[in-house]
Amino acid sequence: MLEVSSGVECRIEYKPLGVVASIAPFNFPHMVPHWTIPNAIALGNCMILKPSELVPISSNRIAEMLKEAGLPDGVFNIVNGDREIVEAICDHPGIEAVSFVGSTKVAKIVYKRATSNLKRCLALGGAKNHLIVLSDAHPEMTASNVSASMSGCAGQRCMAASAMVGVGEIDEIVKKICDEAVKIIPGENLGSVISRQAKDRIEKYITEAEEAGAKVLVDGRKITVKGKEDGFYVGPTVIDFVKPEMAIAKEEVFGPVLAIIRAKDIDEALEIENNSEYGNAASVFTQSGSAARYIMDKASAGMIGINIGVPVPREPFSFGGWNESKFGVCDITGKSSIEFWTLLKKTTTKWNPEAKKNWMS
């Protein structure tokens, strides 16, 4: 509430939309729903969650815990299914807003379909995050962060480091990244990818890059884990001398694969990063404050890291990218998410007729 003129007050109230929906991906079946469920429900809405058909169990457990906690029946609902259910959510006249997290291809479809039915929609898509590594970067810290970023969740996350752009003399850092990568063991501290199709797709990217002239320094193809011979494992893979025009440099691989691109200077590195159709995240590894600031200002991404491999902001700061990584306004977490799940009601009040003349007279 604010007194905006003599004897006149204005206030804003956040009102619930009604019934809203959230469509979650396979890679974070517990975390991503909790980007939307708490805010949407706390703001007075009823939520429909559509989990990935590949991983439905976590969502069921979320529903059980909310019921145990006393949430009234009907406030939180789960509907399982695939494309047909997503289309029904986008089309249903009783659903006021839809959030989506998944691939850019599907994010575009969901956004267009939901908004064509006059719904609010926030659709987060894929990524091709670039880590710009300067020659003055701390070798051990850089190697540890880069290898962990590219391999965490078996590389199946939109914040994974999938492209590293090295500026200047970085051979020592590349060697240390390889040393760290071989410590990541499939079946021990590296899980499988989601499916046979995913494994085949990832290995195809590696093979095509090698055939095009890139050098595979650490090879994660044709991995078999003892006792889990039927598992879909891809080992950590480091590929050097990747060219910006190669598919592995441009497209989202979604596996534990790091493509290293060489650049002669910072501006060329930024040109490579800026030319990406995506814009989820970018990081720079350096000990130079001025270089870090320059890259932070010029990188075309919604989330920036300095000497951080996975630059996910922590609350109260929000999660959300730019370009082909996000469609819609607001972010899925943080303060702006409150506006996505609500309607704003503005009330202007004047009780005092004796007040001097004001803008409401």
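The values are calculated or read from the model by the stated rules, or taken from the named source; none is laboratory data. Because the structure is a prediction, the values reported are computed rather than measured. For neighbour counting, all protein chains shown are included, and Cβ atoms are generated from backbone atoms with ideal geometry for every residue, glycine included.
Of everything in region 1-17 that's crowded, with 17+ Cβ neighbours inside 10 Å and of a type in the set (A, V, I, L, M), which residue is modelled with the highest pLDDT?
Among those that are crowded, with 17+ Cβ neighbours inside 10 Å and of a type in the set (A, V, I, L, M), it is Leu17.
Regarding Val216, is this residue of a type in the set (A, V, I, L, M, F, W, C) and either over 25 Å from the mean Cα position of the chain (by Cα) or under 25 Å from Asp331 (Cβ atoms) (or both)?
When the stated conditions are applied, Val216 passes them.
Could you say which residue among Gly126, Gly102 is in contact with a Pro (Cβ under 6 Å, 6 or more places away or on another chain) and among the small types (Gly, Ala, Ser)? It would help to see each step written out before you state the result.
Details: Gly126 fails: in contact with a Pro (Cβ under 6 Å, 6 or more places away or on another chain).
Selected residue: Gly102, the only one of Gly126, Gly102 that is in contact with a Pro (Cβ under 6 Å, 6 or more places away or on another chain) and among the small types (Gly, Ala, Ser).
Could you tell me which of the residues Lys250, Lys264 is assigned by TED's automatic domain parsing to the domain that holds Val218, loosely packed, with under 15 Cβ neighbours inside 10 Å and either touching a residue at least 12 places away in the same chain (Cβ under 8 Å) or farther than 22 Å from Ala148 by Cα (or both)?
Details: Lys250 fails: loosely packed, with under 15 Cβ neighbours inside 10 Å.
Checking each option against the conditions leaves just Lys264.
Any chance you could count how many residues in region 82-110 are in contact with a helix residue (DSSP H, G or I) (Cβ under 9 Å, 6 or more places away or on another chain) and touching a residue at least 60 places away in the same chain (Cβ under 8 Å)?
Of the residues in that region, 13 qualify.
Considering only region 233-240, I want to know if a residue exists there that is under 22 Å from the mean Cα position of the chain (by Cα) and in a loop (DSSP other than H, G, I, E, B).
Yes, the conditions are met somewhere in region 233-240.
Has region 299-314 got any residue that is among the small types (Gly, Ala, Ser), touching a residue at least 12 places away in the same chain (Cβ under 8 Å), touching a Pro at 6+ places or on another chain (Cβ under 6 Å) and surrounded by 20 or more Cβ atoms within 10 Å (Cβ to Cβ)? Don't jump to the end; show me each part of the working.
Our first condition is that a residue be among the small types (Gly, Ala, Ser); within region 299-314, this holds for 299-302, 305, 309.
Adding the requirement that they be touching a residue at least 12 places away in the same chain (Cβ under 8 Å) leaves 299-302, 305, 309.
Going one step further and asking which of them are touching a Pro at 6+ places or on another chain (Cβ under 6 Å), we end up with 305.
Subset that is surrounded by 20 or more Cβ atoms within 10 Å (Cβ to Cβ): 305.
Yes: region 299-314 contains one or more residues that are among the small types (Gly, Ala, Ser), touching a residue at least 12 places away in the same chain (Cβ under 8 Å), touching a Pro at 6+ places or on another chain (Cβ under 6 Å) and surrounded by 20 or more Cβ atoms within 10 Å (Cβ to Cβ).
Quick one: would you say Val20 is of a type in the set (Val, Ile, Thr), at pLDDT below 95, part of a strand (DSSP E or B) and surrounded by 12 or more Cβ atoms within 10 Å (Cβ to Cβ)?
Working: of a type in the set (Val, Ile, Thr): yes; at pLDDT below 95: no; part of a strand (DSSP E or B): yes; surrounded by 12 or more Cβ atoms within 10 Å (Cβ to Cβ): yes.
Spelling it out, it is not the case that Val20 is of a type in the set (Val, Ile, Thr), at pLDDT below 95, part of a strand (DSSP E or B) and surrounded by 12 or more Cβ atoms within 10 Å (Cβ to Cβ).
Among (1) of a type outside the set (Gly, Ala, Ser); (2) modelled with pLDDT of 95 or more; (3) in contact with a Lys or Arg (Cβ under 7 Å, 6 or more places away or on another chain), where does Met360 come up short?
Result: Met360 passes all but (2).
For region 106-205, list the strands (runs of 3 or more DSSP E) that sit wholly inside it and hold at least 2 residues that are touching a Phe, Trp or Tyr at 6+ places or on another chain (Cβ under 6 Å) and surrounded by 22 or more Cβ atoms within 10 Å (Cβ to Cβ); which are they?
In region 106-205, the matching strands (runs of 3 or more DSSP E) lie at 120-124.
With the requirement that a residue be over 16 Å from the mean Cα position of the chain (by Cα), assigned to a strand (DSSP E or B) and either among the hydroxyl-bearing types (Ser, Thr, Tyr) or at pLDDT 95 or above (or both), what does region 314-351 give you?
Passing the criteria: Thr342, Leu343, Leu344, Lys345, Lys346, Thr347, Thr348, Thr349.
Among the numbered criteria (1) among the hydroxyl-bearing types (Ser, Thr, Tyr); (2) surrounded by fewer than 15 Cβ atoms within 10 Å (Cβ to Cβ); (3) assigned to a loop (DSSP other than H, G, I, E, B), which single criterion is violated by Tyr278?
Result: Tyr278 passes all but (2).
Condition (residue is of a type in the set (Val, Ile, Thr), assigned to a loop (DSSP other than H, G, I, E, B) and closer than 24 Å to Gly102 by Cβ) applied to region 33-49: is it met by at least one residue? If you could, list the steps in order and put the result at the bottom.
Looking only at region 33-49, we keep the residues that are of a type in the set (Val, Ile, Thr), and these are 36-37, 41, 48.
Add one more test, that the residue is assigned to a loop (DSSP other than H, G, I, E, B), and what stays is none.
No, every residue in region 33-49 fails to be of a type in the set (Val, Ile, Thr), assigned to a loop (DSSP other than H, G, I, E, B) and closer than 24 Å to Gly102 by Cβ.
Being assigned to a strand (DSSP E or B) and either out of contact with any Cys (no Cβ under 9 Å at 6 or more places or on another chain) or not assigned by TED's automatic domain parsing to the domain that holds Cys330 (or both) is the filter here, so list the residues in region 77-105 that pass it. It would help to see each step written out before you state the result.
Filtering region 77-105 down to residues assigned to a strand (DSSP E or B) leaves 77-78, 97-101.
Scanning region 77-105 gives a single hit, Ile78.
Going through Arg61, Arg83 one at a time, which residue ends up being exposed (fewer than 14 other Cβ atoms within 10 Å of the Cβ) and farther than 23 Å from Ser325 by Cα?
Values: Arg83 fails: farther than 23 Å from Ser325 by Cα.
Of the residues listed, the single one that is exposed (fewer than 14 other Cβ atoms within 10 Å of the Cβ) and farther than 23 Å from Ser325 by Cα is Arg61.
So how many residues does region 57-76 have that are within 16 Å of His34 (Cβ to Cβ) and either in a loop (DSSP other than H, G, I, E, B) or within 25 Å of the chain's Cα centre (by Cα) (or both)?
Within region 57-76, residues that are within 16 Å of His34 (Cβ to Cβ) and either in a loop (DSSP other than H, G, I, E, B) or within 25 Å of the chain's Cα centre (by Cα) (or both) number 11.
From (1) under 28 Å from Arg196 (Cα atoms); (2) surrounded by 16 or more Cβ atoms within 10 Å (Cβ to Cβ), pick out the condition that doesn't hold for Leu54.
Evaluating Leu54 over (1) under 28 Å from Arg196 (Cα atoms); (2) surrounded by 16 or more Cβ atoms within 10 Å (Cβ to Cβ) leaves (2) as the failure.
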